[in-house]
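One structure is given below, encoded as structure tokens.
The numbers here are math on the coordinates, done by the rules we state, and not lab data. These numbers come from a predicted model, not from an experiment.
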Amino acid sequence: MRENKQIWSDFIEEDRFELHSYLTYLFKQCHDENLRQLEDENIEE
């Protein structure tokens, strides 16, 4: 849970939320996860 709070605070600047930065972060996380799944599938074959 602490990690989630840290992540949110990384995208809040003064009184606004940096949506673009947050969406970019999410996209990278998703992309990394997909790459890991593909690597795992290739290893299993």
Which ³J(HN,Hα) values in Hz, rounded to whole numbers, follow from the phi angles of region 12-19 under the Karplus curve 6.51 cos²θ - 1.76 cosθ + 1.60, where θ = phi - 60° and Gly and Pro get x?
-> 10, 10, 6, 10, 9, 9, 7, 5
Using amide H atoms built 1.01 Å from N in the peptide plane, name the residues 5+ places from Glu18, or on other chains, whose amide H lies under 5 Å from its own.
-> Ile12, Glu13
Karplus (6.51, -1.76, 1.60) ³J(HN,Hα), θ = phi - 60°, over region 28-35, in Hz, Gly and Pro reported as x = 5, 4, 5, 4, 4, 5, 5, 4
